[in-house]
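Colleague: Quick one: this structure, given as structure tokens, is what I'll be asking you about.
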Amino acid sequence: MPQGVIDPADSTPKAGEEPAVEAVRLEGAAALGERVRNYALLLKPRVMSLVVFTGLAGLFLAPGSIDPWVGAMAVLCIAVGAGASGAINMWYDRDIDQWMDRTKDRPIPAGRVKPVEALWLGVILSAISVVAMAWYVNDVAAALLAMTIAYYVFLYTMWLKRRTPQNIVIGGASGAFPPMIGWAAVTGGVDWGSVALFGIIFMWTPPHFWALALFRSGDYERAGVPMLPVVSGVRETKKQIIIYSILLFPVALAPVAIGMSGPLYGIAAAILGVMLLHHSYKVWKDETAKAPRSMFLFSILYLFLIFVALLVDRALATFF
């Protein structure tokens, strides 16, 4: 064959060549998918879902109106900001996460993501979320979002969590800001309605997390985190759960007291409050981990249903 002319036979894939290339391609796609999954886990999607829901509720409950696209951007910024906080939290807590059954399989302690990658992911997403909120929504919502991120990262994660059993009480404010941010996205400010929403989540947080701490106390003890059961004992923790559950009852009725919600919400909040108190009483009486676990799961449902009741009450008042 003349020089420079390619023999068609030479371009035919050799035996096993195509399957090998396909295997490499599939392996690369699988590796990319796993990497994306681990980055998504850094954002704490379960926590983010509750944050997004309460932020969205604050947006719908606020007086006034908002352009749908601006509202969607506000909710997206809340979600990204929450995820960014979670990533930085995982970067900072990587040393204690490895000691707890609940957290040892997180991407960093499990060795699937480098700590510096989580840090940069959190810092970059934090900046993007705040700047986007200021640019597309308003400065007040952006300031509240920035304060939420800073509060969770610096005040709770880096200072309170490892130093005081009141970490959840004080640090819980970070989880109570999202509905205020959603409210501010609509109104451009903060008023008693958004404060009431903040108060509900703020008072809900201690009994919710202390119920978790009761049946996960071994985790916290191994990691050296001074959660209330580790520092003050099981009985004191149970007493505090009852106290905060009682205090939450009137706080949950505040929207009715200030005229933000009507009797439908008031009835729903009262019923849910009684149910939460019943769970707290069962925790007090039960010596096993069954009641705390049950209360922890119910407390998640409680908060979800409280905000659903607020939204349903507002929708009925609007249309009827």
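Every number here is computed from the coordinates shown, using simple stated rules; none is lab data. The structure presented is a predicted model; accordingly, all values stated were derived computationally and were not measured. Note that each Cβ is placed from the backbone with ideal geometry, even for glycine, and that neighbours are counted across all protein chains shown.
Colleague: Can you give me the long-range amide H partners of Val113? Hydrogens built in the peptide plane at 1.01 Å from N, cutoff under 5 Å, separation of 5 or more residues or another chain.
Modeller: Correct list: Ile108.
Colleague: Over all directions, how big on average is the projection of the convex hull of the alpha-carbon atoms in segment 191-320, in square nanometres?
Modeller: Mean shadow area of the hull around the Cα atoms is 8.1 nm².
Colleague: Here's something else I'd like to know. For segment 290-295, what does the Karplus curve 6.51 cos²θ - 1.76 cosθ + 1.60, with θ = phi - 60°, yield as ³J(HN,Hα) per residue in whole Hz, taken in order and with x for Gly and Pro?
Modeller: 5, 5, x, 5, 5, 5
Colleague: Sort 275-288, 196-209, 297-310 for me by packing, meaning the mean count of neighbouring Cβ atoms within 10 Å per residue, highest on top.
Modeller: Ranking the peptides 275-288, 196-209, 297-310 by packing returns 196-209, 297-310, 275-288.
Colleague: Return P(r) of the chain (all Cα-Cα pairs; 10 Å bins starting at 0; whole %; ordered from short to long distances).
Modeller: In order of increasing distance, the bins hold 6, 23, 28, 22, 10, 4, 3, 2, 1, 0 percent.
Colleague: Under Stokes-Einstein, with the Kirkwood radius over Cα pairs standing in for Rh, what whole-number D in µm²/s applies to segment 103-144 at 37 °C and 0.692 mPa s? List each step's numbers first, then the result.
Modeller: Working: Rh = 11.9 Å.
Result for D is 277 µm²/s.
Colleague: Distance from the Cα centre of segment 72-87 to that of segment 284-301, in angstrom?
Modeller: Cα centroid to Cα centroid, the span is 30 Å.
Colleague: Using alpha carbon centroids, what distance separates segment 225-249 and segment 113-184, in Å?
Modeller: Using only Cα atoms, the two centres lie 25 Å from each other.
Colleague: Using only Cα atoms, what Kirkwood radius does segment 42-188 have, in angstroms?
Modeller: Final number for the Kirkwood radius of segment 42-188 is 15.4 Å.
Colleague: Quick one: Karplus J couplings for segment 109-126, per residue in order, coefficients 6.51, -1.76, 1.60, θ = phi - 60°, nearest Hz, x for Gly and Pro?
Modeller: x, 7, x, 8, 9, 6, x, 5, 5, 5, 4, 5, 4, x, 5, 5, 5, 4
Colleague: Moving to a separate point now. Say the dipole of the chain comes from +1 at the beta carbon of Lys and Arg and -1 at that of Asp and Glu; which of Ile96, Ile241, Val153 then lies farthest toward its positive end?
Modeller: My answer, from the dipole projection, is Ile241.
Colleague: Return the sequence-ordered ³J(HN,Hα) values of segment 279-288 in whole Hz as given by the Karplus equation 6.51 cos²θ - 1.76 cosθ + 1.60 applied to θ = phi - 60°, using x for Gly and Pro.
Modeller: 5, 5, 5, 5, 4, 4, 8, 7, 9, 9
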